[in-house]
Amino acid sequence: MGKPKVDYSLYLVTDSTPAILGNRQLAHVVEEALRGGVTVVQLREKTADTADMISTARELHGITQKYNVPLLINDRVDVALAVGCEGVHIGQDDMELSAARKLLGPDAIIGVTVSTVEQALRACKGGADYLGIGTVYATPTKTNTKDIIGTAGVREILGKIAETGFDIPTVCIGGINGSNLQRIIFQSGAAKKGLDGVALVSAIMAAPDPEGAARELLGLVKSPPAFGVDMGQPVVVQEQVAQAPSIIRAVHDATPLSHNMTNIVVQNFAANVALAIGASPIMAGYGEEAPDLCKLGGALVINMGSVDPAGLANYLKALRAYNQAGRPVVFDPVGAGATSIRRDAVKTIMANGYLDVIKGNEGEIRTVFGDSQAQQRGVDSSSTLDESEKARLVLALAAREKNVVVMTGKTDFVSDGQFVFAIDNGHEYLGLVTGTGCTLGTAISAAIASRKADRLTAVIAATLHFEIAAELAAERPEVRGPGTFLPAFLDELYRIRQATASNELSWLRRAKVRTVDFPEDYP
Ligand code: 3NM
């Protein structure tokens, strides 16, 4: 017979606990799910007696065979043998792989749950047919999971498998549903190896319409995500700087919407910055407006400056709408490390959507990366890392999130996970007036909304526009401190935009952008 070829795209794990199945029949729900396009079924019964489990497995096998889909049994090699189905799925605490293989023979499909690189490589070497990688996110469906590894953990495992030369199908599991599936696949993918599918329980088993749910989920697995749109690859410093005028001009010409969900301190200033650079600002904190606003060709800024539960719920609604529309999102995790509420808010936001750009000061970026030591005092910036540590941090975070990360400071560091650029422009007055960090987020949103260049180049253009305007403002004779600086700064943002629109680019000679290189042995 040989081993059947398996499509792992949409892998259904059953669960007949009342909380998930209600009073519906397991076989009925599974058949509906198969009609919707489920490609693998795993029977998972943690408490059933052996005879009952065999009878359920027989019934399900009759159904899965009609759909030409393999039936695998969780943990119970004996049940799989009794029923003669296609294979088993074993966890780290179940029967060992070699024993299961001996009992089931070479043609059986044997999958293994892994949550570390070591477990994954052991399963590959032991001849597993596929890996179930998890737990991605905490889930009420299985509360005794040991490790929540997130997309970063999945990516690390996929990367090592490919590096070691194994070619094995993989699915991930834990907390996956229609709203996060595409992002999880996108962010989990390593350079040479992506996921082959997703495994899930409640998103299908607990759905009121399992067939419709499966159809929609399969569609999402098979289609590329709308978000994360980029316009080619950035290359060298000269090109970065040389492209800035065309991006500034594109904002000037197209007047993109900059939808700000921002804190009360900077709303007015952010709107004025948007107007000065030629964008169209809207300060709309109510998430229900986002499904309309996201269709207007702009970008969203989520600025966590004054976070509260209602605000957080609004951010998530807007994030979802912009991700679905494929429009860019800039995240400013203001004061991320200041309180446990803010740390949790960062985690919630990042687990619920894709962020094209994350912009913050050193403490904020460290917190977003997961550094619990990065205790911040209030929302102000302070620095403890040296230049190469900062550069490595933005590179690592951008690589992990597959986006662009900006760390602001005396020198700003910008990375797309591949390159790191340092920008030495700006003026100390920017640190003496409130909201300049926040409004840089607004300027960045307009630049990436223009879709004129890749996101990294757009971020650098917005930063140069912003920081060179600050330098020019600070040099004006009437500017004597932060108070007089502020209006002069708005003027210079506007003047740079006007000059650029008429191709007068002398301001750009001030650009101080350089690449940051790492030693040969990096990482
Ligand atoms: N195994 P849902 S998590 C069965 O981490 C199972 O190995 C997991 O349920 C693991 O799709 C899990 O409802 C439950 O989140 C997944």
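The values are calculated or read from the model by the stated rules, or taken from the named source; none is laboratory data. Here the structure is a predicted model, which means the values were calculated and not measured. No Cβ is skipped: glycine too gets one built from the backbone with ideal geometry, and neighbour counts run over all protein chains shown. Surface areas here come from the heavy atoms of the whole protein model, side chains and all, with no ligands, DNA or RNA. Shrake-Rupley method; radii C 1.70, N 1.55, O 1.52, S 1.80 Å.
Pop out the carbon and sulfur fraction of the accessible area of the range 468-523 as a percent, whole number, probe 1.4 Å.
So the carbon and sulfur contribution to the accessible surface is 50 percent.
Tell me, what is the 1.4 Å probe accessible area of residue 67, in Å² to the nearest 10?
Rounded to the nearest 10, that gives 70 Å².
Between helix 482-501 and the chain, what is the angle of the helix's C-alpha long axis to the longest principal axis, kept within 0 to 90° and rounded to the nearest 10?
Orientation of helix 482-501: about 80 degrees from the principal axis.
So how exposed is residue 466, as accessible area in Å² (1.4 Å probe, rounded to 10)?
Rounded to the nearest 10, the figure is 10 Å².
Give the separation of the Cα centroids, the range 234-291 to the range 144-161, in Å.
Cα centroid of the range 234-291 versus Cα centroid of the range 144-161: 36 Å apart.
Residue by residue through the range 350-356, which ³J(HN,Hα) values in whole Hz follow from phi under the Karplus form 6.51 cos²θ - 1.76 cosθ + 1.60 (θ = phi - 60°), with glycine and proline marked x?
5, 7, 10, x, 9, 10, 5
How do 401-410, 210-219 rank on mean C-beta neighbours within 10 Å, highest first?
The packing order, highest mean first, is 401-410, 210-219.
Rolling a 1.4 Å sphere over the protein heavy atoms, what is the accessible area per residue of the chain, to the nearest Å²?
Value returned for the chain: 42 Å² of accessible area per residue.
Work from the charge dipole of the chain (Cβ charges, +1 for Lys and Arg, -1 for Asp and Glu, about the Cα centre) and give the residue of 197, 449, 361 farthest towards its positive end.
Checked the options; the winner is 449.
Relative contact order (percent) for the chain, with alpha-carbon contacts under 8 angstrom and 6 or more residues of separation?
Answer for the chain is 12 percent.
In whole percent, how big is the carbon plus sulfur part of the accessible area of the range 224-290, probe 1.4 Å, protein atoms only?
Carbon and sulfur together cover 57 percent of it.
If the only charges are +1 at each Lys and Arg Cβ and -1 at each Asp and Glu Cβ, what is the size of the charge dipole of the chain around the Cα centre, to the nearest 20 debye?
Once rounded to the nearest 20, the dipole reads 460 debye.
If you average the C-alpha positions of the range 215-231 and of the range 397-462 separately, how far apart do those two centres end up, in angstrom?
27 Å
Out of 108, 286, 90, whose Cα points farthest toward the positive end of the dipole of the chain (charges: +1 Lys, Arg; -1 Asp, Glu; placed on Cβ)?
Going by the Cα projections, it comes out as 286.
Please give the solvent-accessible surface of residue 163 in Å², to the nearest 10, using a probe radius of 1.4 Å with every protein chain present.
Counting only protein heavy atoms, residue 163 exposes about 140 Å² to solvent.
Where the accessible area of the range 68-155 is counted over protein heavy atoms with a 1.4 Å probe, how much of it, in %, is carbon and sulfur?
Carbon and sulfur atoms account for 50 percent of the accessible area of the range 68-155.
What order do you get for 332-342, 113-123 when each peptide is scored by the mean count of other beta carbon atoms within 10 Å, highest first?
Listed from highest to lowest mean packing, they are 332-342, 113-123.
What shape does the range 186-340 take by its C-alpha gyration tensor, where a ≥ b ≥ c are the square roots of the eigenvalues and a/c under 1.5 counts as rounded, a/b above b/c as prolate, and the rest as oblate?
In terms of gyration-tensor shape, oblate.
What number comes out for the charge environment of residue 51, summing +1 per Lys or Arg and -1 per Asp or Glu over other residues with Cβ under 14 Å away?
Counting the neighbours of residue 51, the net charge comes to -3.
Farthest toward the dipole's positive end in the range 19-144, which of 36, 53, 19, given Cβ charges of +1 (Lys, Arg) and -1 (Asp, Glu) about the Cα centre?
Selected residue: 36.
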